[in-house]
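Student: What follows is a structure written as structure tokens; I'll ask about it next.
The values are calculated or read from the model by the stated rules, or taken from the named source; none is laboratory data. What you are looking at is a predicted structure, and each value in this text was computed from that prediction instead of being measured. Here Cβ is always computed from backbone atoms with ideal geometry, including for glycine, and neighbour counts include all displayed protein chains. Note: areas computed on protein heavy atoms with side chains; ligands, DNA, RNA excluded. Shrake-Rupley method; radii C 1.70, N 1.55, O 1.52, S 1.80 Å.
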Amino acid sequence: MELEANYQTADNFIRSAAKHDATLAVLPEYHLLNWVPHDENFKEACGQWKEYLDRYQALAKECNICIVPGTILELHEAGTEDEVLLNVAYFIDNTGDIVGRYVKKNLWGDIERLHLTSSSMDAHPVFDTPMGKVGMLICWDLAFPEAFREMIRQGAKIIIIPTFWTLADCSKAGLAVNPSAEALFLDSMLTARCFENTCAVIFANAGGPPGKGYAGLSQVCVPYAGALTRLGSSAEGMAVVDLDMKIVEDAELNYQVRADLARADWHYGYKHGPEAKT
């Protein structure tokens, strides 16, 4: 709930990334506010979303860097029967223009469904960016391979995933088997998604104080190599990663996933909406 302080932390990290010649900076989900919907000031803070989006656009232009500012909670039509709260990821290019917007589709249980509105049956969009065709997901969306398939069918080669995923998201039964079950979940899925979709994944998860259940594990993941870098603890930090997309092209030549998806007789359907295959 420390909007300005959290923005300044993000601003400092982004400026540092730009000085290291990074072309893209990605922040975690809920990085400005955390997720505290029962706080009496939460909705009012969500109403300030446009101010911070504008500031990120100005920062991207000033620093000549693309920014995915994690997710920004947007309150629309406040106090009316049409009021909605959206969890939104933006892709801002290095000129400060918004070239992509994605509203979280797969909400995490009642924790989110009682407060947020999903993008539901809207198609997963893919955006033309300075680094090629990019898709975006948010946190729990990672668990649904259909989302990846829908985007790579449209040509996406990089999937960016701002996340707030904790070790405590596991059930008591799961934690009894493996206290690090969620870390295993994340590492396994990120690696699998890269291989099965011949894509790169940029995964930025929330960090925080030790002992509070934060999972961390932010990483850039590609086929063949897995994680190019991985922030292995929950501590707040930043990594600058060189991502050579040739490895994605080489993986597609080998596995031909996209080639199969493009076939007229391909036997799986992934598109949302009433025209989806059954």
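Student: Taking Cα pairs under 8 Å and at least six residues apart, what relative contact order does the stretch 1-110 come out at, in percent?
Tutor: 24
Student: Return the loop-located chymotrypsin sites (Phe, Trp or Tyr not before Pro) in the stretch 162-226 (DSSP other than H, G, I, E, B) with at most 16 other Cβ atoms within 10 Å of their own Cβ; answer none if there are none.
Tutor: Here the sparse-neighbourhood loop sites are 224.
Student: Which entries of 50/157; 43/212; 172/212 have Cα-Cα distances beyond 19 Å here?
Tutor: Among 50/157; 43/212; 172/212, the Cα-Cα distance tops 19 Å for 50/157; 43/212.
Student: Which distance in nm do the two modelled labels at residue 128 and residue 245 give, with both placed 7 Å along the Cα-to-Cβ direction?
Tutor: 1.3
Student: If you don't mind, another one. Based on the Cβ-Cβ distance of residue 15 and residue 143, what FRET efficiency does E = 1/(1 + (r/R0)^6) give at R0 = 22 Å, to the nearest 0.05?
Tutor: After rounding, the FRET efficiency stands at 0.05.
Student: Using a probe of 1.4 angstrom, how much of the accessible area of the stretch 157-215 is carbon and sulfur, in percent?
Tutor: Looking at the stretch 157-215 in its full context, I get 66 percent from C and S.
Student: Using alpha-carbon pairs under 8 Å, 6+ residues apart, how would you state the relative contact order of the stretch 48-157 in percent?
Tutor: 20
Student: So between residue 238 and residue 111, what do we pick up on full extension, going 0.36 nm a residue minus the alpha carbon distance?
Tutor: 42.9 nm
Student: Amide H of residue 100: which non-local residues (sequence gap of 5 or more, or other chain) have their own amide H closer than 5 Å, using H built in the peptide plane?
Tutor: Here 91 satisfy the definition.
Student: Could you order 13, 91 so the one with the most accessible surface comes first? Probe is 1.4 Å.
Tutor: The most accessible residue leads, giving 13, 91.
Student: Using θ = phi - 60° and the Karplus curve 6.51 cos²θ - 1.76 cosθ + 1.60, what whole-Hz ³J(HN,Hα) does each residue of the stretch 159-174 get, with Gly and Pro shown as x?
Tutor: Values per residue, Gly and Pro as x: 10, 9, 10, x, 8, 10, 10, 10, 5, 6, 5, 7, 6, 4, 5, x Hz.
Student: Here's another thing I want to ask about it. Among 141, 93, 122, determine the one that fluctuates most according to a GNM of the chain built with springs between C-alpha atoms less than 10 Å apart.
Tutor: 122
Student: Something else now. So what is the calculated 222 nm ellipticity per residue for the chain, using -39500 (n - 2.57) for each DSSP H run with n of 4 or more, over all residues, to the nearest 500 deg cm²/dmol?
Tutor: For the chain, the value works out to -9000 deg cm²/dmol.
Student: Also, I was wondering about something else. For the chain, what is the relative contact order in percent, using Cα pairs closer than 8 Å and at least 6 residues apart in sequence?
Tutor: So the answer I get is 13 percent.
Student: Multiply the residue gap between residue 176 and residue 4 by 0.36 nm, knock off their C-alpha separation, and tell me the result in nm, one decimal place.
Tutor: Full-extension gain reported as 58.0 nm.
Student: Let me ask something additional. For residue 168 and residue 97, what does the FRET efficiency come to when R0 = 30 Å and r is the distance between their Cβ atoms, rounded to the nearest 0.05?
Tutor: After rounding, the FRET efficiency stands at 0.20.
Student: What does the extension gain come out to for residue 184 and residue 23, with contour length at 0.36 nm per residue minus their alpha carbon separation?
Tutor: 55.0 nm
Student: Return one whole number: the accessible area per residue of the stretch 1-154 in Å², for a 1.4 Å probe.
Tutor: Roughly 45 Å² per residue, with all protein chains present.
Student: Another question, then. Tell me, what is the FRET efficiency for residue 268 and residue 224 to the nearest 0.05, using R0 = 22 angstrom and their Cβ-Cβ distance as r?
Tutor: Efficiency, from the Cβ-Cβ distance: 0.35.
Student: Using the Cα atoms of the stretch 121-177, I'd like the radius of gyration and the largest Cα-Cα distance, Dmax, both in angstrom.
Tutor: Spelled out, the Cα radius of gyration and Dmax of the stretch 121-177 are 14.5, 45 Å.
Student: Oh, and also: Rounded to the nearest 5, what is the percent of antiparallel bridges among the DSSP beta bridges in the stretch 122-278?
Tutor: Here the antiparallel bridges make up roughly 55 percent for the stretch 122-278.
Student: Mind telling me which of 155, 226, 237 comes out most flexible in a GNM of the chain, alpha-carbon contacts under 10 Å?
Tutor: 237
Student: Quick one, which of [x] 315; [y] 118; [z] 144 is the actual volume of the Cα convex hull per residue in Å³ calculated for this model?
Tutor: Among [x] 315; [y] 118; [z] 144, the one derived from this structure is [z].
Student: Counting Lys +1, Arg +1, Asp -1, Glu -1, what net charge surrounds residue 96 among other residues with beta carbon under 10 Å of its beta carbon?
Tutor: Net of charged neighbours comes to -3.
Student: By accessible area of protein heavy atoms, probe 1.4 Å, what ranking do 257, 99 get, highest first?
Tutor: Per-residue accessible area, sorted high to low, gives 99, 257.
Student: What's the center-to-center distance, using Cα atoms, between the stretch 106-137 and the stretch 38-88 in Å?
Tutor: Answer, in whole Å: 15.
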